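What follows draws every value from the coordinates through simple rules; no lab data is involved. This structure is a prediction, so every number in the text was calculated from the model and none was measured. Backbone-built Cβ (ideal geometry, glycine too); neighbour counts: all protein chains shown.
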């Protein structure tokens, strides 16, 4: 015997998962582009003997993204953690470019 509520839930779940998969792909492509740009920044900094990290810029970025997150109804703490993770990775790449 068929359960319409169950079948409807499965259809919605499949639809949500397709959307999630598309968003995940977009996130990966956006991150890849961001890291291509920050790699160029790291090479520029290394060539100009600039430090790999820019604490003032990082602070401003955290503040800006926390505000964007709040406006987008995303937890600002989560946005900050994500950005800090990305910043640490970028700095690591910049340090490698110097070495």
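Remarks
- Structural descriptor for the chain: relative contact order 33 percent, calculated from alpha carbon pairs under 8 angstrom and at least 6 residues apart.
- Given R0 = 22 Å, the distance between the Cβ atoms of residue 64 and residue 36 translates into a calculated FRET efficiency of 0.55.
- Among 83, 65, 13: highest mean-square fluctuation, GNM of the chain, C-alpha pairs under 10 Å: 13
- Helix 55-71 and the long axis of the chain differ in direction by around 20°, with both axes built from C-alpha atoms.
- Springs join every pair of Cα atoms under 10 Å in this Gaussian network model of the chain, and among 62, 41, 18 the largest mean-square fluctuation is at 18.
- Note on the chain: Rg/Rh from Cα positions, Kirkwood definition for Rh, rounded to two decimals, is 1.21.
- Taking the longest Cα principal axis of the chain as reference, the axis of helix 76-98 is set at about 40 degrees.
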